[in-house]
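To start, the structure itself, in structure tokens.
The values are calculated or read from the model by the stated rules, or taken from the named source; none is laboratory data. Since the structure is predicted, the reported quantities are computational estimates derived from the model, not experimental observations. Heads up, the Cβs are rebuilt from the backbone with ideal geometry, glycines too, and the neighbour counts pull from every protein chain shown.
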Amino acid sequence: MRKRRLIESFYNWISMAGALIALTAFGVTLTMMMLEWASGRENIYLGIVTYIAMPAVLIFGLLLIPFGMWRVRRKEQRADLPTLDLNNPKHRLTATIFTIGSMVLIVFTSFGTYEVYEFSESNAFCGETCHAVMTPQATTNQHSSHAEVECVTCHVGSGATHYLKAKLNGVNQLIGVLTGDYARPVRLPAHGMRTGKEICQSCHVPENDHGLYHQHFERYKMNKKSSRHVYDLLIDVGGFDRVSGEANGAHWHVFNKVEYAATDELMQEIPWMQVTYTDQSTRVFAVEGASKPEGALHNVDCTTCHNRKGHEFATPFHAVDAAITKGYISHEIPRIKAASIEALAEAAKAEDKTNGLAAIGEALRTYYDDEDPDVLDEFASQLDVATQSLKDIYQANYYPEMKSNWTSHPNNMGHFYAPGCARCHDGKHQADDGETLSYECSGCHTIIAYENPKGELTSDLTGLEYVHPDPDEEDWTDTPCYECHGP
């Protein structure tokens, strides 16, 4: 019989199986780590196996070893505690293996723990682990001005407290993903979010006075020529004026305490708000019949208006206008603006991306069959390019499986496609003394140049009156933009 080198209680099938499992997991982990280092690329699925699954298997195997030894002693009905006698060669070898193994495991575990931490903080982990669930957020982020910012910078924060809180909350989310019990679309909760001060002001300095911000718009009408009209705005962004010591412009809101109550999940309906001035006096603005609600109020901060800066779903109108301006969609094709909007509207009805993409080409053909059949032959090559451009727009901004697009995630910047500023500045919020929050265009921005479809340019730095591109539209002065242009 072969001489046994380790203590007798080790030689049982449970302990030996545990040792085999632990050694195998250790070897697999080292192999995968070397493969990842050699490739020089981050692989989300390899990372999950290497830094999460295999260490768990390793620990499980190690726990089986003492468990098997305990069962042996229990069967032998030995009540005495095990003794370690270093004069005994078996005990000495066991102690040596345990000590060296523990040291290697501690070093390996320390490195692995750091890798797990770093991996769980990566954009790949946030956006790809729960692939189907977070695809809309991950994809739109890559098209945003914050594409180089790590997800955790905004959504978790720095420090052990934020990390632990996020991971504990992530357990519920993981269970939801595994069981399929999660919201479609995924939205941030109305309460419990990190504030704009925590998220934005680690990079952006609110104390700066940004003054007037110039924006240039090129839009196309839904007529046969897809007539182009252009206008330039000066937007009063403002900030803190160090000379006067007062805040001004749109950023006035973040330098004063402004609280509001919303009656819907998307916070698009705000019937009541309260301003607290520097002298601690307060003033309430509310729509007729609204009273102070029960429960917690929301504070106006950066994200109240800049709510989609990291994950913007482009509207079909804005995306098509941009594609025409950049030449991705030919402006020469008759009715191309209207046809493109119709095609995206049909694609938006699909229940999955495959059918949505297929619907775009079919919808374009159907549109021109009905409106102008000659276009299909005369502009065949341009229509092929336009179809691909529309598919690109659809791929980047429509996610039917998660029910996510521009209608499910309204952008509060402006007031063209969603209420935005007009949630409060709608001419209906009134104080007790009769003062009303204005809906005047000139209150926030000044039109300094306008070019009509004929190419005639009018400019005036002191401001121009807005000219609606549709001369037959008479009610636009009394109707908020988003009621016609929104979903």
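Details
- Near pairs, Cβ below 7 angstrom, 6+ apart or cross-chain, from the range 91-111 (without any contact (Cβ under 8 Å) to a residue 40 or more places away in the chain) to any residue that is loosely packed, with under 13 Cβ neighbours inside 10 Å and not aromatic (Phe, Trp, Tyr): 92/86; 95/84; 95/86
- For the range 188-197, the criterion of a residue being of a type in the set (D, E, K, R) and either exposed (fewer than 14 other Cβ atoms within 10 Å of the Cβ) or in the same structural domain as residue 299 (by TED's automatic domain parsing) (or both) is satisfied by no position.
- Residue match in the range 375-390 (condition: part of a helix (DSSP H, G or I), within 29 Å of residue 148 (Cβ to Cβ), in the same structural domain as residue 250 (by TED's automatic domain parsing) and of a type in the set (A, V, I, L, M, F, W, C)): no
- Identity of the residue in the range 296-338, assigned to a helix (DSSP H, G or I) and without any contact (Cβ under 8 Å) to a residue 40 or more places away in the chain, that ends up nearest to residue 123 (Cα to Cα): 322
- Count of residues meeting criterion [closer than 24 Å to residue 304 by Cα and outside any helix (DSSP H, G or I)] in the range 391-410: 9
- Conditions (1) modelled with pLDDT of 80 or more; (2) part of a helix (DSSP H, G or I); (3) not β-branched (Val, Ile, Thr): number failed by residue 119: (1)
- Answer residue from the range 112-123, given it is without any contact (Cβ under 8 Å) to a residue 60 or more places away in the chain and crowded, with 16+ Cβ neighbours inside 10 Å and is farthest from residue 61 (Cα to Cα) among those: 123
One line per residue, one yes/no per condition, for (1) in the same structural domain as residue 463 (by TED's automatic domain parsing); (2) under 30 Å from residue 294 (Cα atoms); (3) of a type in the set (Lys, Arg); (4) out of contact with any Lys or Arg (no Cβ under 9 Å at 6 or more places or on another chain):
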| site | (1), (2), (3), (4) |
| --- | --- |
| 223 | yes, no, no, no |
| 232 | yes, no, no, yes |
| 243 | yes, no, no, yes |
| 253 | yes, yes, no, yes |
| 265 | yes, yes, no, no |
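- The range 373-387, subset free of Cβ contacts under 8 Å to residues at least 12 places away in the same chain and either of a type in the set (A, V, I, L, M) or touching a helix residue (DSSP H, G or I) at 6+ places or on another chain (Cβ under 7 Å) (or both), residue nearest to residue 326 (Cα to Cα): 380
- In the range 124-155, residue nearest to the chain's Cα centre (by Cα) [restricted to those that are aliphatic (A, V, I, L, M) and modelled with pLDDT of 85 or more]: 138
- Only one of 188, 212 that is among the aliphatic types (A, V, I, L, M) and touching a strand residue (DSSP E or B) at 6+ places or on another chain (Cβ under 8 Å): 212
- Among the residues of the range 411-464, the ones that are within 30 Å of residue 140 (Cβ to Cβ), part of a loop (DSSP other than H, G, I, E, B) and not hydroxyl-bearing (Ser, Thr, Tyr) come to 12 in all.
- Restricting the range 320-372 to residues that are touching a strand residue (DSSP E or B) at 6+ places or on another chain (Cβ under 6 Å) and not hydroxyl-bearing (Ser, Thr, Tyr), the residue that is nearest to residue 407 (Cα to Cα): 321
- Single match in 426, 392, 475 (criterion: more than 32 Å from the chain's Cα centre (by Cα) and of a type in the set (D, E, K, R)): 475
- Residues of the range 219-234 that are out of contact with any Phe, Trp or Tyr (no Cβ under 8 Å at 6 or more places or on another chain) and farther than 12 Å from residue 317 by Cβ: 223, 224, 225.
- Selection status of residue 270, in the same structural domain as residue 345 (by TED's automatic domain parsing) and either crowded, with 18+ Cβ neighbours inside 10 Å or assigned to a loop (DSSP other than H, G, I, E, B) (or both): no
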